[in-house]
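First the structure, in the form of structure tokens, and then the observations on it.
The values are calculated or read from the model by the stated rules, or taken from the named source; none is laboratory data. In this text the structure is predicted, and so the values were computed from the model without any measurement. Here the Cβ is made from the backbone with ideal geometry for all residues, glycine too, and neighbour counts use every protein chain on show. To get the accessible areas, we keep the full protein, side chains included, count just its heavy atoms, and leave off ligands, DNA and RNA. Shrake-Rupley method; radii C 1.70, N 1.55, O 1.52, S 1.80 Å.
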Amino acid sequence: MTGRRRSSPRPLPHTPAVVIASVVACTAAIASLLSGCGSLPGSGGSGEKEPITVMTWAPQDTKATNMPGMPAMAQAYARWVNSRGGIRGHRLRVLTCNERNDSVAAAQCAQRAVSQGAIAVVGSYSQFGRQIMSPLEIKGIPLIGGYGASDAEFESPLSYPVNGGQASLLAGNGRQLAGDCRHVALVRPDTIQGDQMPSLLNSGLRSGSRKPAKDIKAPEDGTDYSAEVTRALEQVGADPAVYGKAEAGGKAPGACVAAALGDHTDAFFDSFRRLQEDNPKVRVASVLGSVGQSLLNRTGGMSGPLEGADITGWYPVADDPRWNPMRKVINDFAFEDNRVDPADQGVQTTWIAYTVLRALIEELDDQGVEDITPRGLQTALDRGDRAVDTGGLTPKLRWREDDMLAVQDFPRIVNAMVTYQVVRNGELVAQRSGFVNVTKTLERRQTDD
């Protein structure tokens with residue numbers, strides 16, 4: 001799936017591609033010399049345990065989707081747990097890597113995780129699933145809580161997703177639109193990942209006995225989407241000769257346009273705003289990750305084109321109190337880092353992924369395991385002795401074979417819950433309380449297609 005970002009500061013010259021977020025408090029590198037640092041909470045008085053190395057990667061400073069908040073959140077999480085003595089005495093060492101929206105760079109990030117001894121890749125973003133998973137699979141390194149932007153994250157036995165990826169978002173958005181929309185156009189990237197979107201949205205539309213959406217392909221890195229806006233409005237029947245112009249109060253009932261273009265969704269709605277006045281007003285929709293509060297603010301808030309839009313997300317709305325622990329960590333350990341937006345789904349996914357990692361390490365520690373290895377994590381995940389409680393941000397998570405949903409194209413999905421949100425008075429708010437389960441919708445897709 002694609003995602004939103006906040007503006008990030010220009011990197012300092014000569015900043016290395018891989019940044020170590022947290023280091024051992026003492027400068028000695030050999031564990032036997034760490035006794036001078038003193039014992040840490042949870043260390044049993046025997047001195048500090050071996051540090052744990054993980055990696056988080058995401059694209060940054062590219063012309064397409066950028067997710068700088070994910071590695072930044074990982075670094076903040078490491079600072080937080082290390083300020084508390086680590087996870088059961090294990091200090092957390094976070095490596096980060098710029099995936100660059102490039103298959104070669106993505107593979108290099110995965111290879112660097114292997115070469116630098118990462119026991120897991122946690123909460124990362126990449127559209128190049130095959131390139132990232134192959135090096136990890138060879139060394140048995142699990143991917144915990146990837147963003148869900150590639151098929152491989154829902155196919156590889158070494159991947160442990162915390163959400164249902166773009167599959168659940170699009171299926172959920174289709175169901176959300178099915179209640180009011182008789183004619184739908186979907187504007188999506190002209191990419192391999194984008195090619196999956198129409199069938200996913202249509203599975204949700206079919207649940208409300210609606211016709212398939214009109215498929216409008218668009219460049220992933222476009223700056224002017226006037227042609228795509230015009231085609232979408234024409235396809236849903238927004239004819240000014242019939243319904244009048246939007247500026248004069250004209251509306252096209254049952255006509256809806258959904259757009260999911262990642263970082264360039266704002267460019268689409270900029271074009272949409274300019275052309276909307278000459279066409280009847282239509283209902284608009286998107287998914288979180290393509291639309292967020294920062295985009296609403298930039299496009300005019302309650303007077304912008306997204307007012308009233310139907311938005312589907314994975315998690316509770318950003319102001320839900322269940323996010324308070326994450327917000328406190330951000331405030332205390334990333335206050336001046338404008339890459340970390342608590343409303344960003346990449347940041348939220350990273351928080352949840354590290355929550356899973358922490359729970360696993362605590363579980364292994366309870367079993368007397370001090371040497372945390374990739375194999376040990378994989379075994380704990382597959383065995384699923386304890387369901388991971390994410391504080392209500394997701395259902396409790398397990399990845400046993402019995403927990404995998406019967407979704408043929410996405411066999412690793414264990415959580416197909418989504419949330420329905422809507423833009424009211426320029427703010428993203430919950431359209432309905434609780435989660436919506438789109439498992440059956442996804443299962444029907446494989447039959448209908």
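Assorted remarks:
- Selection within the range 263-287: residues that are of a type in the set (D, E, K, R) and farther than 14 Å from residue 311 by Cα. The member of this set that is least open to solvent (accessible area, probe 1.4 Å) is 263.
- Test: residue in the range 143-155 that is in contact with a Lys or Arg (Cβ under 9 Å, 6 or more places away or on another chain), open to solvent by 10 Å² or more (accessible area, probe 1.4 Å) and of a type outside the set (A, V, I, L, M): yes
- Of everything listed in (1) assigned to a helix (DSSP H, G or I); (2) open to solvent by less than 10 Å² (accessible area, probe 1.4 Å), the single unmet condition for residue 444 is (2).
- Filter result (surrounded by 23 or more Cβ atoms within 10 Å (Cβ to Cβ), on the phi < 0 side of the Ramachandran plot and outside any strand (DSSP E or B)) within the range 224-262: 225, 228, 229, 232, 233, 236, 238, 260, 261
- Residue satisfying all of: in the range 396-436; small (Gly, Ala, Ser) and surrounded by 15 or more Cβ atoms within 10 Å (Cβ to Cβ); farthest from the chain's Cα centre (by Cα) among these: 426
- Residue match in the range 178-193 (condition: part of a helix (DSSP H, G or I) and either in contact with a His (Cβ under 9 Å, 6 or more places away or on another chain) or closer than 22 Å to residue 64 by Cα (or both)): no
- Every residue from the range 318-376 that is of a type in the set (Phe, Trp, Tyr) and out of contact with any strand residue (DSSP E or B) (no Cβ under 8 Å at 6 or more places or on another chain): 323, 333, 335, 351
- Scan of the range 63-76 for residues that are in contact with a helix residue (DSSP H, G or I) (Cβ under 8 Å, 6 or more places away or on another chain) and more than 16 Å from residue 147 (Cβ to Cβ), ordered by number: 76
- Top-ranked residue in the range 202-223 [being assigned to a loop (DSSP other than H, G, I, E, B) and either open to solvent by less than 60 Å² (accessible area, probe 1.4 Å) or in contact with a Ser or Thr (Cβ under 8 Å, 6 or more places away or on another chain) (or both); ranked as farthest from residue 175 (Cα to Cα)]: 222
- Residue list for the range 282-294, restricted to those being touching a strand residue (DSSP E or B) at 6+ places or on another chain (Cβ under 9 Å) and either at positive phi or touching a residue at least 40 places away in the same chain (Cβ under 8 Å) (or both): 282, 283, 285, 286, 287, 288, 289, 290, 291, 292, 293
- Filtered residues of the range 77-103 (kept if charged (D, E, K, R), free of Cβ contacts under 8 Å to residues at least 60 places away in the same chain and open to solvent by 10 Å² or more (accessible area, probe 1.4 Å)): 84, 100, 102
- Any hit, the range 174-185, residues being among the hydrophobic types (A, V, I, L, M, F, W, C) and within 20 Å of the chain's Cα centre (by Cα): no
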